[in-house]
1. With the condition kept exactly as written, say whether any residue in segment 115-125 is hydroxyl-bearing (Ser, Thr, Tyr) and out of contact with any Gly (no Cβ under 9 Å at 6 or more places or on another chain).
2. Anything in segment 207-221 that is touching a residue at least 40 places away in the same chain (Cβ under 8 Å) and among the aromatic types (Phe, Trp, Tyr)? List them, or say none.
3. Given the criterion part of a strand (DSSP E or B) and in contact (Cβ under 8 Å) with a residue 60 or more places away in the chain, identify the matching residue among TYR172, TYR165.
4. Scan segment 61-87 for residues that are buried (at least 17 other Cβ atoms within 10 Å of the Cβ) and either in contact with a helix residue (DSSP H, G or I) (Cβ under 9 Å, 6 or more places away or on another chain) or in a loop (DSSP other than H, G, I, E, B) (or both) and report the count.
5. In the list ASP201, ASP191, ASP195, ASP227, which residue meets the criterion of being over 20 Å from the mean Cα position of the chain (by Cα), farther than 29 Å from ILE87 by Cβ and buried (at least 17 other Cβ atoms within 10 Å of the Cβ)?
6. Being within 15 Å of the ligand (Cβ to nearest atom), modelled with pLDDT under 95 and not in a loop (DSSP other than H, G, I, E, B) is the filter here, so list the residues in segment 239-259 that pass it.
7. When you scan segment 211-222, how many residues do you find that are over 18 Å from ILE156 (Cβ atoms), surrounded by fewer than 19 Cβ atoms within 10 Å (Cβ to Cβ) and away from the ligand (no atom under 16 Å from the Cβ)?
Amino acid sequence: MYATRDVGMLLFGLIWTACFVLEETQAWGYKNGILHNSIWLEQAAGVYHRESRKGRYQLTYLEAKAVCRFEGGKLATYDQLEAARQIGFHVCAAGWFDRGRVGYPIVKSGSNCGFGKVGIIDYGYRLNKSERWDVYCYNPTAKECGGVLTDQQRIIQSPRYPEEYEDEQICYWHIRVRYGQQIRLRFLEFDVEEDTGCLADYLEIYDSYDDISGFAGRFCGDELPEDLLSTGNVMTLKFLSDSSVTAGGFQLEYLAIDFID
Ligand SMILES: [Ca+2]
């Protein structure tokens, strides 16, 4: 609940955010008619991005701090975010970081994210801590869930594997191999809560640098998905579990292969 005196500020924040979103609409993607995360990420240098389970841009400054604390971390500082960016941490979504500042790290310049710039896109210190954004946390000992993977070959597992995964997980793995290579995914084990349309828990795979374009499939249940081959040298995997019913989890292997004509 908001106190009456906060309503003005809230409205201001909403209008400001609405203007911002309209201005930025082209910068992010529409998927299924919804303005969708163009996030890909992960725990480089202990820094990671989180959004609310309710979706993009739902966290006040206080809530953002709580999200980081929940996983044993705290808000990332500007320097930590920049250090992560320098080793490839790229997320197209503005989030709170230390001392009430908002911004996001851009590695790859492009017209569709970060105004064509590379660096920390910095909105500065926000006077209104009720504004709603995502969050950047810092926790060098964070759980194994997601990451930026650049090895030529690697096993990817659901968190806690071979134990069952937990509720309310959000993991992104971004695989990036050498330019001119492709990525072959091979599933070894697969057991994710079965649900019509995979609306409960799922693994999504994108043949792309982010999770807007290149959708290659959403998987749940216990049937082993078929092998997948990327068209380029990047791929993004997203695993999400909801608030009830878990399952055995999954294990898959990726392999970088030289481009086949
Ligand atoms: Ca579930």
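The values are calculated or read from the model by the stated rules, or taken from the named source; none is laboratory data. These numbers come from a predicted model, not from an experiment. Note: ideal-geometry Cβ built from the backbone for every residue, glycine included; neighbour counts use all protein chains shown.
1. No, every residue in segment 115-125 fails to be hydroxyl-bearing (Ser, Thr, Tyr) and out of contact with any Gly (no Cβ under 9 Å at 6 or more places or on another chain).
2. TYR209, PHE215, listed by residue number.
3. TYR172
4. Final tally of qualifying residues: 6.
5. Within the list ASP201, ASP191, ASP195, ASP227, the selection yields ASP191.
6. PHE239, LEU240
7. Matching residues across segment 211-222 total 2.
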